[in-house]
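To start, the structure under review is shown below, and the notes come after it.
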Amino acid sequence: MTTAPIPQATWQEGLRVQTDPRVGRTYHTTHAIPANSTVIEATTPYACTIWKQFRAEVCAECWRYDGGRRGFLTRRDDEGLHGPRVETSAPEEKGEKPGTILDHRERSGPSAGLWFCGEHCQSSWMTREGMDTLQLLRTLEEARRKKVKEKVNESAEAALAEKPALTRTDIEHAWDETRQKERSPKEVRRWREIQLDDFETDMARYVLLALVHLYREQGAQHLLPPDTGQMPAFEKPLSFGGATWREFEALQSNELRHLQTYPELLEDQIRIYQALQGRFGLGGRRRGDSAAEPAAAGLALNGEGGKHKHARVRNGKVETRVGRWEAGSLRGVGSVITVENVRMALGVDPGNSFGIWEVPITEESECLGFGVYPRPSLFNHHCMPNVKKERNGRVLRFITTRNVDADEELCISYGHVEQMDWRERRKELQEGWFFQCRCSRCVTDMATEREACGVGQLRPTLT
């Protein structure tokens with residue numbers, strides 16, 4: 001896999017991105033910033049997932065969680081939306097005549113797994129993601145295995161432990177084999193029947209959401225007026241949480257280190273790709289499905305209550321109109337379901353994602369899922385951070401914990417390691433984020449311990 005070019009833009013006034021050959025990109029201040037200042041605010045992740053075990057207990061929009069109680073969740077999927085009526089994509093499969101129109105409330109089949117604490121949260125999610133994304137999630141849920149996969153027995157675990165560590169060559173070979181199989185349309189059609197366990201399905205939902213955003217961004221580019229290179233005034237460049245696919249794919253991939261630590265995940269990841277390709281890819285379409293549409297066709301740029309704005313170029317001018325959601329505006333999403341894109345999305349999760357924790361955070365808080373926020377992902381770790389993270393719904397705010405000098409690096413804490421000793425911190429960070437911490441606090445703590453043991457002064461060595 002190749003790493004995408006590093007965006008050079010400054011994302012927040014008062015911050016700049018600096019590239020360090022030892023630790024990669026870092027945030028530094030351009031001027032002094034007082035304590036309790038918000039330096040970055042991200043309104044939503046670029047892609048996320050809520051784990052299946054919490055899905056019926058968490059609002060899909062604001063992520064409210066009430067200790068497992070779910071009485072506050074009053075709406076499911078598109079329940080209560082009375083506006084749009086859509087044509088089914090393959091009505092003959094349900095014994096209906098082609099062209100049959102079904103009201104959303106009349107549709108059967110699996111749920112998309114979305115619960116909302118009220119109309120406001122439901123409307124907010126639908127405005128950002130759209131009815132077609134909900135339909136794709138419903139289709140993906142058909143791949144979720146109904147029975148829980150049996151645990152691996154001890155002999156199988158022992159055999160796995162004896163296998164040599166995966167190499168980059170091993171990983172590339174496995175994906176090359178997948179590409180070879182993909183050349184057979186018959187093989188890809190079989191991938192439509194793949195059943196995923198809960199973990200695989202939840203990860204597939206995260207990947208699918210990222211790819212939908214990429215597809216919509218590509219569609220938005222087709223709406224540019226000819227020869228101007230500028231977005232129309234009524235619509236800012238399409239982004240999610242202030243980030244685009246370009247920032248998402250520029251994050252550091254931890255694929256190799258992650259798979260070396262958990263080699264069994266390689267098979268899971270390939271199955272995720274096959275399931276997505278089989279159900280949404282161009283080679284896995286059922287007979288009678290519509291062909292892939294141009295990215296701009298029916299693109300939902302903005303919407304609320306079942307309506308959205310359409311934009312089109314006519315005689316060199318951008319015109320808009322208000323219309324209803326059109327079924328299938330994301331049918332062409334298969335064009336972005338590629339090995340490279342799926343691997344990239346799965347590779348940036350470890351080491352870049354933020355846990356969606358029950359708040360307020362305590363030692364007993366549950367981790368409800370995870371989300372990737374590309375811009376905040378550039379914060380490096382420090383065991384005595386000068387920036388703290390606060391979550392309010394989907395919004396992540398990063399706030400200075402003290403006065404910060406000009407040109408000082410801004411750091412957060414990865415996980416909850418501040419109260420651990422340096423050995424525990426290093427172990428936790430190595431296992432969870434694949435690096436040995438050598439921040440100034442760890443270097444000082446190690447030196448102090450060695451002096452106390454009579455070993456002598458530890459020479460700081462940064463990595």
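The values are calculated or read from the model by the stated rules, or taken from the named source; none is laboratory data. The structure displayed is predicted, hence computed values, not measured ones. FYI the Cβ positions are ideal-geometry reconstructions off the backbone, even for glycines, and counts take in every protein chain you see. Calculation scope for accessible area: heavy atoms of the full protein, side chains included, ligands and nucleic acids excluded. Shrake-Rupley method; radii C 1.70, N 1.55, O 1.52, S 1.80 Å.
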**Message:** Taking amide H atoms as placed 1.01 Å from N in the peptide plane, list the residues 5 or more away in sequence, or in a different chain, whose amide H sits under 5 Å from that of residue 380.
**Reply:** 27, 412
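If packing is taken as the average number of other Cβ atoms within 10 Å across a peptide's residues, how do 414-420, 398-404 rank, most packed first? Don't skip to the end; give the middle numbers.
Numbers: 414-420: 14.6, 398-404: 17.0.
Result, highest mean first: 398-404, 414-420.
Find the percent of Cα-Cα distances in the stretch 414-455 that exceed 17 Å, and round it to a whole number.
Working: 244 of 861 pairs.
The answer is 28 percent, as a whole percent.
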**Calculated FRET efficiency for the pair residue 20/residue 74, C-beta based, R₀ 51 Å, to 0.05** = 0.55
**Distance violations [Cα-Cα > 30 Å] among 147/181; 146/389; 146/388; 147/389; 163/186; 388/427** = 146/389; 146/388; 147/389; 163/186
**Request:** Would you kindly derive the ³J(HN,Hα) couplings of the stretch 371-382 from the backbone phi angles with the Karplus curve 6.51 cos²θ - 1.76 cosθ + 1.60 (θ = phi - 60°), listing them in order in whole Hz, with x for Gly and Pro?
**Result:** x, 9, 10, x, 5, x, 5, 7, 5, 7, 8, 8
**Message:** I need the phi-derived Karplus couplings for the stretch 119-127: 6.51 cos²θ - 1.76 cosθ + 1.60, θ = phi - 60°, integer Hz, Gly and Pro marked x.
**Reply:** 4, 4, 5, 4, 5, 5, 5, 5, 4
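For the stretch 414-455, with every protein chain kept in place, what is the accessible area per residue (1.4 Å probe, Å²)? Don't skip to the end; give the middle numbers.
On the way: 2570 Å² over 42 residues.
Computed with neighbouring chains in place, this is 61 Å² per residue.
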**Fill in**
Once amide hydrogens are built 1.01 Å from N within the peptide plane, the residues lying 5 or more places from residue 115 or on another chain with amide H under 5 Å from its amide H are 60, 77
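Just add up the charged neighbours of residue 398: K/R +1, D/E -1, any other residue whose Cβ is under 13 Å from the Cβ of residue 398. It would help to have the intermediate numbers written out before the result.
On the way: positive: 375, 388, 389, 391, 397; negative: 41, 390.
So the environment of residue 398 carries a net charge of +3.
Roll a 1.4 angstrom probe over the protein heavy atoms and tell me the percent of accessible area of the stretch 358-429 that is carbon or sulfur. Before the final figure, lay out the partial values.
On the way: 1570 of 3490 Å².
Reported share for carbon and sulfur atoms: 45 percent.
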